[in-house]
1. Among the residues that make up the range 90-107, is at least one of them within 25 Å of residue 248 (Cβ to Cβ) and within 19 Å of the chain's Cα centre (by Cα)?
2. Helices (runs of 4 or more DSSP H) wholly in the range 5-105 with at least 1 residues that are modelled with pLDDT of 95 or more, touching a strand residue (DSSP E or B) at 6+ places or on another chain (Cβ under 6 Å) and within 22 Å of residue 149 (Cβ to Cβ) - which ones?
3. Got a number for residues in the range 148-189 being in contact with a helix residue (DSSP H, G or I) (Cβ under 7 Å, 6 or more places away or on another chain), closer than 23 Å to residue 246 by Cα, in contact (Cβ under 8 Å) with a residue 60 or more places away in the chain and crowded, with 22+ Cβ neighbours inside 10 Å?
């Protein structure tokens, strides 16, 4: 099933995002939280929107920084109210003084709530060329925290020994969500059909084929930069969302 990440339309209010997703025939959303998006933290308001548009929020993505156990509890409460099936967290940022919310608390939350708690891979960045921006961020490490993972395709560095096919093989059955986007040189989180002839810059077609033959049945969430959707023009937004769904159907849903 394909979801639309609200981060793809982050320049709009939440009601407008639901409206866009509904018009583009998305059936589900991934709610991407950030601290200054105050509407995103009002679970009753989001539930009203979800019920009004008949569009469940099946997945929530937590902010990538400044997390602690109290904030985890708030996010899980939102997920519980919305009947969300999956919540994704990022590894701790290097500036986080305490990381027990990540190394211990998330597994406890998963056991107590029966909500799938996934850890996503992050783009490999270094401060002063030697200090990793995020701790415990290798694919092996994110997998063993809760044994659920979210694979962000644009956060895989194709210039390293790792590519999206190897990442899929390494994470395998732990993958519960895939942030779908394309990547070309320094451009990340671009539309997956943007290359010539609807062929991706990444080996997305082969990636989808491997997913299909392995019976992958969890989530795929379109997550691109708002500028890639041409968010300043409603007609272009809907057209690009429609193309993205068509790409998903062609290379995954209807693949035989």
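The values are calculated or read from the model by the stated rules, or taken from the named source; none is laboratory data. The model shown is predicted, which means the values in this text are computed figures rather than measured ones. With ideal geometry, Cβ positions are generated from the backbone for all residues, glycine too; neighbour counts draw on all protein chains shown.
1. Within the range 90-107, one or more residues are within 25 Å of residue 248 (Cβ to Cβ) and within 19 Å of the chain's Cα centre (by Cα).
2. 69-82
3. 2
To keep it simple, each residue is scored yes or no on (1) within 15 Å of the chain's Cα centre (by Cα); (2) surrounded by 20 or more Cβ atoms within 10 Å (Cβ to Cβ).
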site	(1), (2)
25	no, no
30	yes, yes
38	no, no
42	no, no
59	yes, yes
72	no, yes
80	no, no
84	yes, yes
